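Just below is one structure, and these are the notes that go with it.
No lab work stands behind these numbers, since they all come straight from the coordinates. Because the structure is predicted, anything quoted here is derived from the model rather than measured. Quick reminder, even Gly has a Cβ in these numbers, built from the backbone with ideal geometry, and neighbours come from all protein chains shown.
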Amino acid sequence: MNEASAYRRRRWRAIARRHPSAFVLAAQLLSLLLFPLLDHMLGGRIVFGAFGALVLVLAVWTVNRTPAINWIAWAIATPAFVLSLLAAFTGSGPLIVWSSLLEALLYFYVAGSLIAYMMSDHRVTSDELFAAGATFTLLAWGFAYVFLVCQAWYPDSFTGAVDPERPRSWLELLFLSVTNLSATGLGDVLPIGAPARVLVMIEQLCGVAYIAIVVSRLIGLSLLRARQHERA
């Protein structure tokens, strides 16, 4: 039994070393499933804040396996980790704003590091395919945090189909970010303030550039590799 457990641990460590980006992507997607369940529960915000802190640690762990400088990620992640937990426990508005700023900065930094990792050679690995998905979620989460900060600094920046006068919730802003970055065109949450519209346009440009430059490159290299195998 001990040998089987040791084998499973070694296997998981090997998988983690080969596919670190998959763990970040899985954590991001799992948080989407957890948040609706915890949103209306007492203490749910604390649990979700702790889970978000876990995602930050995973993001730094991913940076350690990319060309990025690891200490920069830790310099951003450490205060973001502390402030996100304090904000989750206290519900303090200023702490939420500053933790959101740091989390957005970390997500953008890790996303940029993953893009550099995917662009560093002409060989497409399975981990780079996971990195493509993880980069998309990191960009979406990062802009959602930026939208949250924009709403705190500029009230009435966003409106929605339901209760248009109230501030948008975190999940609504994340929904806006994902639909905006993916260009799906769903518009029940809308930017109405000038700063919010500028941020939304910047995210649209980032989404188009990411698909045109990074994703299309991975697809092209994958097709080229498949043709070379067919000829061989």
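List of remarks:
- Packing, taken as the mean count of other beta carbons within 10 Å per residue, orders the peptides 106-119, 182-195, 19-32 from highest to lowest as 106-119, 19-32, 182-195.
- 3J(HN,Hα) along segment 113-124, derived from phi through the Karplus expression 6.51 cos²θ - 1.76 cosθ + 1.60 where θ = phi - 60°, amounts to 5, 5, 4, 4, 5, 6, 8, 6, 8, 10, 10, 9 Hz, with x in place of Gly and Pro.
- Residues Asp127, Asp163 arranged by fewest to most Cβ contacts within 10 Å: Asp163, Asp127
- A simple packing score, the average count of other Cβ atoms within 10 Å per residue, orders the peptides 201-214, 90-103 as 90-103, 201-214, with the highest score first.
- Average Cα contact separation per residue, segment 2-231, under 8 Å, 6 or more apart, as relative contact order %: 16
- 222 nm mean residue ellipticity, helices alone, for the chain (DSSP H n ≥ 4; -39,500 (n - 2.57); rounded to 500): -26000 deg cm²/dmol
- Net charge dipole, segment 135-232: roughly 620 debye, given to the nearest 20, about the Cα centre with Cβ charges of +1 for Lys and Arg and -1 for Asp and Glu.
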